[in-house]
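Please treat every number below as a calculation from the coordinates, not as lab data. This one's a predicted model, so the numbers in the text were calculated from it and none came from an experiment. All Cβ positions, even for glycine, are placed from backbone atoms using ideal geometry, and neighbour counts span all protein chains on display.
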Amino acid sequence: MKKVLILEDEENIRSFVVINLRRAGYEVLEAATGTQALERLQQYPDVGVAILDIMLPDMDGFDVCRRIRANNKQMGIIMLTARTQEMDKVTGLMTGADDYVTKPFSPAELTARIDALFRRLGGDNGVSSELLTQGPFVMNTRNHTLEKDGARIRLTQVEYSIMKVFMQNPGRALSREDILAAVWGRDFEGDLKIVDVNIRRLRIKIEDDTTAPTYITTVWGFGYKWGN
Ligand code: CA
């Protein structure tokens, strides 16, 4: 049976999740503190997905996430957040989370996210994957996933499409119009700023230093370029 760990110190939320996930057919392990969660995961290394609350009594959920990722790149990690601030999402991505669920959430929503992660875990073993590899980046165009140094980078569909255009055109300066047409379609009549906004978000996710980007560089007055 597929194993899921739920780390949440509020007992009523935890039992709500446990009941619903068991009903959905998962084997569920519980933890009320970060320490407990890490112990559980050592005991049960076959946990496929961990759901981590952020506000905990002993450490924060990001620390737990970081510690899991230090020796496990495969496990699916969903952060449970009460706050919807963009900062939490960025911090979560930096520490290696795959997804977010904002409280209050419905059991159906949570189950759908967990199912999706399990499907992806299974999909990664596919033999007929199509890979684009450049520097530390590996894009799997079959699963629509991107990894940097072996760690998955969670992208929106639009961010993924932009990355694909870049990785298919290394070293070529692309105008913002080119990118807009390739990603949104020729007939899209949107503002070119949408390209800049998405590039800014992508840089946060993929660059080592956002203030001095080296992968996606700006071609002043024109657009962007992938690589040198
Ligand atoms: Ca909490």
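Of all lysines in the structure, the ones whose alpha carbon falls short of 17 Å from that of residue 225, not counting any fewer than 8 places away in one chain, are 164, 193, 205. Once the C-beta distance of residue 106 and residue 192 is scaled by a Förster radius of 30 Å, the resulting FRET efficiency is 0.20 to the nearest 0.05. Sparse packing (at most 14 other Cβ atoms within 10 Å of the Cβ) combined with a DSSP loop state is found for the following GluC sites (Glu not before Pro) in region 105-207: 130, 189. Helix content alone sets the calculated 222 nm mean residue ellipticity of the chain: runs of n ≥ 4 DSSP H residues at -39500 (n - 2.57) each, divided across all residues, give -13000 deg cm²/dmol.
Between 0 and 90 degrees, the angle of helix 107-123 with respect to the longest Cα principal axis of the chain falls at about 70 degrees.
When you filter the trypsin sites (Lys or Arg not before Pro) in region 126-216 for DSSP loop state and at most 16 other Cβ atoms inside 10 Å of their Cβ, you are left with 142, 172, 186.
Taking 21 Å as the straight-line reach from the Cα of residue 103, the lysines in range (excluding those fewer than 8 positions away in the same chain) are 89.
Restricting region 100-188 to chymotrypsin sites (Phe, Trp or Tyr not before Pro) that sit in a DSSP loop and have at most 12 other Cβ atoms within 10 Å of their own Cβ leaves 188. Using a simple spin-label model with points 7 Å from Cα along the Cα→Cβ vector, what separation in nm is obtained for residue 42 and residue 82? Here the answer is 2.9 nm between the modelled labels. Quick check: the angle from helix 34-43's long axis to the longest principal axis of the chain, C-alpha only, nearest 10 degrees? Once rounded, the angle reads 90 degrees. Annotation: extensible slack from residue 10 through residue 120 equals 36.7 nm (criterion: 0.36 nm per residue apart, minus Cα-Cα distance).
Taking amide H positions as modeled 1.01 Å from N, with prolines and chain starts lacking one, no residue 5 or more places away or on another chain lies under 5 Å from residue 152.
Spacing of the modelled spin labels on residue 218 and residue 134, each 7 Å from Cα toward Cβ, amounts to 2.0 nm.
Which Cα, out of 42, 171, 107, lies furthest along the positive dipole direction of the chain (beta carbon charges, K/R +1, D/E -1)? Most positive-ward Cα: 171.
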